[in-house]
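Quick notes on the structure that follows.
The values are calculated or read from the model by the stated rules, or taken from the named source; none is laboratory data. Not measured: the values here are computed from a predicted model. Backbone-built Cβ (ideal geometry, glycine too); neighbour counts: all protein chains shown.
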Amino acid sequence: MSAVGGNSGYVAPFDLWRLVKNAAFFVLVVVIVVVMVFPFYYAILTSFKSGTNLFIVTYWPTELNLANYLNVFASASFLQNLWNSIFVATITVLLSLLLSVTASYALSRVNFRGRGLLLMTILAVSMFPQIAVLAGLFELIRFYNLFNTPWALIFSYTIFSLPFTVWVLTTFMRDLPIEIEEAAIVDGASPIIIIWRVFMPLLWPALVTTGLLAFIAAWNEYLFALTFSSSNAARTVPVAISLFSGNSEHEIPWGTIMAASVLVTAPLVLLVLIFQRKIISGLTAGGVKG
Amino acid sequence: MAELQLTDIRKSFGAVEVIRGVSLTIRSGEFMVFVGPSGCGKSTLLRLVAGLEAISDGTLSFDGQIVNNLAPSKRGIAMVFQSYALYPHMTVYDNMAFGMQLAKSSKDAIKERVEKAADLLQITPYLKRLPKQLSGGQRQRVAIGRAIVRDPKVFLFDEPLSNLDAALRVATRLEIAKLHHSMNGATMIYVTHDQVEAMTLADRICVLRDGVIEQVGTPVELYEQPQSLFVAGFIGSPKMNFLTGKFAEPYGASTIGIRSEHIQIGPGEGAWSGKVIHSENLGSDSYVYADMGTGEPVIVREDGTKKHQPDEAISIRPQRGQVHRFDSEGRPLGRQ
């Protein structure tokens, strides 16, 4: 950072202007970080409080009470809800990646009439607000007898994640050198083998990125999850959290809600941290040209 | 190992016909070079032979068997691409073994073939490396190795040297020539826009222009008996000098072409006079660019390192019997 605004060769012993610029830069960074992270930080703080302490505003940890966390796990269906979330999000990701990899191969490499229109339609689908399709989707799910099962959510989440994954993977795949594919064709590879053994390894960064985003979207989704389930056993975590009830009708159990929120966000943060290492840029380097 | 017969091959992309009726026999074991300016269809023709593009009309046969509708992997070909097209995520060994793995060959057979090819190309030390850990020349050798492992009847090269720097290009050119000798009988088709590569590598050259064959022949035939103005101008470096009008009339031609080494400097019968524009000294010989009052300068090759100054007056005369004559259609009228 010291090079910012520095004159080459000569360095003043005390450069006020540079000091001010550096200070302003860090103030800006701090403001951004605080605005972005504060709500989550406050949720963590709250999750460790109990009783009336919940309503006393503090900015630093004052107590480390695990009662809320124990409460969350004591609730009969939370583990079931957590499992539902994991199952739904995982299957959604696998299904959308499988469908979108094969679809994007066709969309990026096979010439057919109406390809541009199809791509545009796919993009347009992702622009509809969830509420617009809710009624129609509900009828579909009833028709297929999926109501109140995890498959209702997997079905609807896949519909909403596919446009994005297809679009991103198509762009990535279009950028893969055509010669690599042709070399594979000469080597005797079928389209399936090309996708699995040649393209998939090259698409890893894109797959991880889109898969992670699809996972987060499915994990956090609320509206469909609320609408397409009626029993506690079929609910996912976001809905379950919102339906936590306190000791009386008028008490909202903030502490438990915050503890549960922290519990379900932690895996996401962990996932991102694990997979960001896998997102290796320039994996295709060396295959073609130099 | 295979004789290729192209009969009236045509290829259209939409309404545009890029290959317009090519008939050609490529003999078994021959090193055939397709050469031509960019956009002449030479790469498309190679891709038709490879099976990467579908033939619109005409027949292509290998050893008498029509292969128009055969998949590339079933034709017994191997291709080396300009951009190497190695699989970036596989080691050199796997890159070379991939085709045989797909064909479900035994592990031992694969190992033997890969190691033999690696030995031939001296890339054995790199077998465990990834393509990105290799230099451009090494990558192209791996790509050639991948082709050898397939043990093809026909090798196809699509401008394999274009991405290499000048020194490597010469070295790799030599290796490809050696490869052709060591792979007794393998037919090779090589596409290039560089006529020097064509001249040095080819048994026969096929000059293409706008999707049709201009001339097929040995390098010497093309150099000494060009069958059109285009071939005369395309083959040879520096380019053949073309003169029209009053220079051509005494020869009874519309255009005459004289190669730079067939022009002598000095006054004499039938000499033309002009002045020197520029002179390039290459050590063993030098090229003199002379302005004869025509549009383009006439290039004259001279032995030794004698330097001509710009604006110096100069007299030049073509050697007898080395003047190529062409009519107004660009057809040859023989030499005089």
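Brief remarks on what is shown
- Of the residues making up the stretch B:229-238, just one is surrounded by fewer than 21 Cβ atoms within 10 Å (Cβ to Cβ), modelled with pLDDT of 90 or more and within 22 Å of B:ASP285 (Cβ to Cβ), namely B:GLY233.
- For first residues located in the stretch A:263-290 and at pLDDT 80 or above, partners that are of a type in the set (Gly, Ala, Ser) and lie 6+ apart or on another chain with Cβ distances below 8 Å form the pairs A:VAL264/A:SER85.
- The requirement of being more than 31 Å from the chain's Cα centre (by Cα) and either among the β-branched types (Val, Ile, Thr) or assigned by TED's automatic domain parsing to the domain that holds B:LEU222 (or both) is fulfilled somewhere in the stretch B:304-317, by at least one residue.
- Of the residues making up the stretch A:43-67, those that are closer than 21 Å to A:THR265 by Cβ and assigned to a helix (DSSP H, G or I) are A:ALA43, A:ILE44, A:LEU45, A:THR46, A:SER47, A:LEU54, A:ALA67.
- Among residues of the stretch A:1-35 being surrounded by fewer than 10 Cβ atoms within 10 Å (Cβ to Cβ) and not in a loop (DSSP other than H, G, I, E, B), the one that is modelled with the highest pLDDT is A:VAL35.
- Enumeration of residues in the stretch B:44-76 that are more than 14 Å from chain A (Cβ to nearest Cβ) and within 24 Å of B:GLU214 (Cβ to Cβ): B:LEU45, B:ILE55, B:SER56, B:ASP57, B:GLY58, B:THR59, B:LEU60, B:SER61
- Residue satisfying all of: in the stretch B:140-174; among the acidic types (Asp, Glu) and surrounded by fewer than 19 Cβ atoms within 10 Å (Cβ to Cβ); farthest from B:ILE110 (Cα to Cα) among these: B:ASP165
- Applying a threshold of 6 Å to beta carbon distances and a minimum spacing of six or more residues, or different chains, the list of pairs starting in the stretch B:77-89 at a residue that is in contact (Cβ under 8 Å) with a residue 24 or more places away in the chain and at the interface with another protein chain (Cβ under 7 Å from one of its Cβ atoms) and ending at one that is charged (D, E, K, R) and in a strand (DSSP E or B) reads B:PHE81/B:ASP158.
- Scanning the stretch B:94-110 for residues that are among the polar types (S, T, N, Q) and away from every other protein chain (no Cβ under 14 Å) returns a single hit, B:SER106.
- With respect to the conditions (1) surrounded by 15 or more Cβ atoms within 10 Å (Cβ to Cβ); (2) not assigned by TED's automatic domain parsing to the domain that holds B:VAL33, B:GLN225 lacks only one, and its number is (2).
- The stretch B:270-283: number of residues that are part of a strand (DSSP E or B) and under 23 Å from B:ALA248 (Cα atoms): 6
- Inspection of the stretch A:159-166 finds no residue satisfying the criterion of being within 12 Å of chain B (Cβ to nearest Cβ) and of a type in the set (Ser, Thr, Tyr).
- When the stretch B:220-249 is filtered for residues that are under 21 Å from B:PHE34 (Cβ atoms) and of a type in the set (Ser, Thr, Tyr), the ones remaining, listed by number, are B:TYR223, B:SER228, B:SER237.
- Condition check for A:LEU203: of a type in the set (A, V, I, L, M), within 14 Å of chain B (Cβ to nearest Cβ), crowded, with 18+ Cβ neighbours inside 10 Å and within 30 Å of A:PRO129 (Cα to Cα): yes
- Whichever residue in the stretch A:69-85 is crowded, with 17+ Cβ neighbours inside 10 Å and not polar (S, T, N, Q) and, among such residues, is nearest to A:THR236 (Cα to Cα): A:LEU82
- Boolean, A:LEU212 is within 14 Å of chain B (Cβ to nearest Cβ), in contact (Cβ under 8 Å) with a residue 60 or more places away in the chain and either crowded, with 16+ Cβ neighbours inside 10 Å or among the charged types (D, E, K, R) (or both): no
- Condition check for B:ALA177: more than 10 Å from chain A (Cβ to nearest Cβ) and among the small types (Gly, Ala, Ser): yes
- The residue pairs whose first member lies in the stretch A:188-199 and is within 15 Å of B:ALA103 (Cβ to Cβ), whose second member is of a type in the set (Val, Ile, Thr) and surrounded by 16 or more Cβ atoms within 10 Å (Cβ to Cβ), and whose beta carbons are closer than 9 Å, counting only pairs six or more residues apart or on different chains, are A:ALA189/A:VAL198.
- Scope the stretch B:127-161; condition within 10 Å of chain A (Cβ to nearest Cβ) and not in a helix (DSSP H, G or I); matching residues: B:ARG129, B:LEU130, B:LEU134, B:SER135, B:ARG150, B:PRO152, B:LEU156, B:ASP158
- Among the candidates B:ALA54, B:ALA103, B:ALA97, the residue that is among the small types (Gly, Ala, Ser) and surrounded by 15 or more Cβ atoms within 10 Å (Cβ to Cβ) is uniquely B:ALA97.
- Qualifying residue in the stretch B:111-126 (condition: part of a loop (DSSP other than H, G, I, E, B), within 14 Å of chain A (Cβ to nearest Cβ) and more than 26 Å from the chain's Cα centre (by Cα)): no
- All positions within the stretch B:3-40 that are among the small types (Gly, Ala, Ser) and surrounded by fewer than 22 Cβ atoms within 10 Å (Cβ to Cβ): B:SER12, B:GLY14, B:ALA15, B:GLY21, B:SER23, B:SER28, B:GLY29, B:SER38, B:GLY39
- Residue in the stretch A:94-106 that is on the phi < 0 side of the Ramachandran plot and not in a helix (DSSP H, G or I) present: no
- No other residue among A:VAL133, A:VAL110 is within 26 Å of A:ILE194 (Cα to Cα), surrounded by fewer than 17 Cβ atoms within 10 Å (Cβ to Cβ), without any contact (Cβ under 8 Å) to a residue 40 or more places away in the chain and of a type in the set (A, V, I, L, M) apart from A:VAL110.
- Looking only at the stretch B:23-43, residues that are within 14 Å of chain A (Cβ to nearest Cβ) and without any contact (Cβ under 8 Å) to a residue 60 or more places away in the chain come to 0 in all.
- Of the residues making up the stretch B:284-336, those that are surrounded by fewer than 18 Cβ atoms within 10 Å (Cβ to Cβ), assigned to a loop (DSSP other than H, G, I, E, B), on the phi < 0 side of the Ramachandran plot and touching a residue at least 24 places away in the same chain (Cβ under 8 Å) number 14.
- Taken as a whole, the stretch A:179-189 holds no residue that is surrounded by fewer than 16 Cβ atoms within 10 Å (Cβ to Cβ) and either over 30 Å from B:GLY51 (Cβ atoms) or within 14 Å of chain B (Cβ to nearest Cβ) (or both).
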